[in-house]
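The values are calculated or read from the model by the stated rules, or taken from the named source; none is laboratory data. Because the structure is predicted, anything quoted here is derived from the model rather than measured. Cβ placement follows ideal geometry from the backbone for every residue including glycine, while neighbour counts extend to all protein chains displayed.
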Amino acid sequence: MATALDSTTAKLKALNINLSPPTQTRLEHLKNETLASKDPKDKVNRLAVIAAYENGDIDLAGQPLGHVCIFWGGVRKTGWFELPNFGHDDVLQLAMKWKSENSVGRMWFEPFSGSRS
């Protein structure tokens, strides 16, 4: 028996036919997580990530493992970069700067899981 979520997922896949397969898979995962999310800070970041994928601002196609975009409080703050080449102190400095701009925000590394399934 098909559920409302199955129907929604099918509609979303149809809307995202021009997106790369890894991005479509990630979008489906993010949308399912967002539906279940109870944490407003994570939810605002997930919604921003979903919008960035859907409007083509970011795409997983061709991105090697270890490359991330950073979002803070629902705003994309960086493009793709290789996280291991970015020092812990650099990330901490950026977090402090962004926290001063939006004290209720939280940092989100996309792709959060680091997976490309």
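Quick notes on this one:
- From the list 61, 52, 95, the lone residue that is of a type in the set (A, V, I, L, M, F, W, C) and within 13 Å of the chain's Cα centre (by Cα) is 52.
- Some residue of the range 17-28 being at pLDDT below 85 and farther than 14 Å from residue 54 by Cβ: no
- Within the range 76-96, residues that are surrounded by 11 or more Cβ atoms within 10 Å (Cβ to Cβ) reach no partner that is of a type in the set (Lys, Arg) and outside any helix (DSSP H, G or I) with beta carbons closer than 6 Å at six or more positions or on different chains.
- Selection from the range 25-48 of residues that are aliphatic (A, V, I, L, M) and within 17 Å of residue 71 (Cα to Cα): 27, 30, 44, 47, 48
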